[in-house]
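Heads up: the structure comes next, in structure tokens.
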Amino acid sequence: MPKKFALIGAAGYIAPRHMKAIKDTDNELVAALDKNDSVGIIDSFFPDADFFTEFERFDRHIDKLHRANGGQAVDFISICSPNYLHDSHMRFALRSGADAICEKPLVLNPWNIDGLQEIEKDAGQKVNTILQLRVHPSIIELREKVQREQKSTKHEVDLTYITSRGHWYMQSWKGDEKKSGGIATNIGVHFYDMLHFIFGELQENVVHHSSDTMAAGYLEYEKARVRWFLSVDYKFVPESAKSLGQRTYRSITVDGEELEFSGGFADLHTRSYEEILAGRGYGLEDNRVAIETVANIRNADPIGLKGNYHPFLKTN
């Protein structure tokens, strides 16, 4: 029996991946919400889905389905709204009798997780999150390799992620730290979760530089020392990548060897949905370390070019 889904944030960049995942898993999107009405992408997946631009009407519709006879209640509400609204929309999903599936970052602050856990318990529903790198075959393989090693082993890791954004970025909610959580939260949270997933508990968190468009620092885990660099500024894309017409550059080296995981990204949302539908989805507590990491980065006082800083800071 197909599960019934609703989706909040249908006009967002990531929403089509959720629509595709719902379609790929043979389920049905019955309702969608976004204050913006540029959502023609829905026709490619679920042309019969009801659509709302006002939350109040969407709320009423979800409640009507919940109360209707004949099994019309929504089973899952997928959340693709701006970061600062995730907490509220997950609460809405749980109180509507549905499980939530939330995009990254789950919340902006770790104490929001505690409140959601209480509502989960009261409502008897669950929050699931998209931690798609945890289902990437290359990441799983590396994690298994690390777990087989001697406990005292510490790897040297360099993480570089540059995803160029135009002038629109700083004018949107993504450029507002109060709404997005800042650059480390908005584009880096998946990578911090991946590092924790592979290398164990976080032991140290140092920020070397932080601005609206660039951040860099040092993280130490049980089994790794990590120098990281994130930016949305095109000027940091290496010339080798620019010459190929690339505006994004992603590199993770472990002990000087490149971790090849550039492929396999297309279907990670579908894979995540499959795990959620099988009862193996990642929940609130699975997110805690990554959310604590980005919250601490956001609130830290950068120490400048001291200690084990990323090589990109030496050349820029």
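When the criteria are applied in full, Y249 fails the requirement of being at pLDDT 95 or above and either in contact with a Gly (Cβ under 8 Å, 6 or more places away or on another chain) or within 26 Å of H18 (Cα to Cα) (or both). The single residue among I187, I162 that is closer than 23 Å to V107 by Cβ and among the β-branched types (V, I, T) turns out to be I187. If the condition is being part of a helix (DSSP H, G or I) and touching a residue at least 60 places away in the same chain (Cβ under 8 Å), then segment 192-234 contributes Y192, D193, M194, H196, F197, Y234. In segment 1-32, the residue that is farthest from the chain's Cα centre (by Cα) out of those that are closer than 12 Å to H269 by Cβ, surrounded by fewer than 20 Cβ atoms within 10 Å (Cβ to Cβ) and without any contact (Cβ under 8 Å) to a residue 40 or more places away in the chain is K23. Here the condition is being in contact (Cβ under 8 Å) with a residue 12 or more places away in the chain, of a type outside the set (A, V, I, L, M, F, W, C) and out of contact with any helix residue (DSSP H, G or I) (no Cβ under 8 Å at 6 or more places or on another chain); of S138, S180, S152, it holds for S138 alone.
Applying a threshold of 8 Å to beta carbon distances and a minimum spacing of six or more residues, or different chains, the list of pairs starting in segment 40-51 at a residue that is farther than 14 Å from N27 by Cα and ending at one that is β-branched (V, I, T) reads D50/V30; F51/V39; F51/I42. Filtered by the rule that a residue be hydroxyl-bearing (S, T, Y) and buried (at least 22 other Cβ atoms within 10 Å of the Cβ), segment 96-136 gives a lone residue, T129. Do we find that F55 is surrounded by fewer than 19 Cβ atoms within 10 Å (Cβ to Cβ) and either outside the structural domain of N186 (by TED's automatic domain parsing) or in contact (Cβ under 8 Å) with a residue 60 or more places away in the chain (or both) in this structure? Yes: the conditions hold for F55. If we scan segment 274-297, do we find a residue that is aliphatic (A, V, I, L, M), assigned to a strand (DSSP E or B) and farther than 30 Å from G166 by Cα? Taking every residue of segment 274-297 in turn, none turns out to be aliphatic (A, V, I, L, M), assigned to a strand (DSSP E or B) and farther than 30 Å from G166 by Cα.
The values are calculated or read from the model by the stated rules, or taken from the named source; none is laboratory data. Model, not experiment: these values are computed from the prediction. Note that each Cβ is placed from the backbone with ideal geometry, even for glycine, and that neighbours are counted across all protein chains shown.
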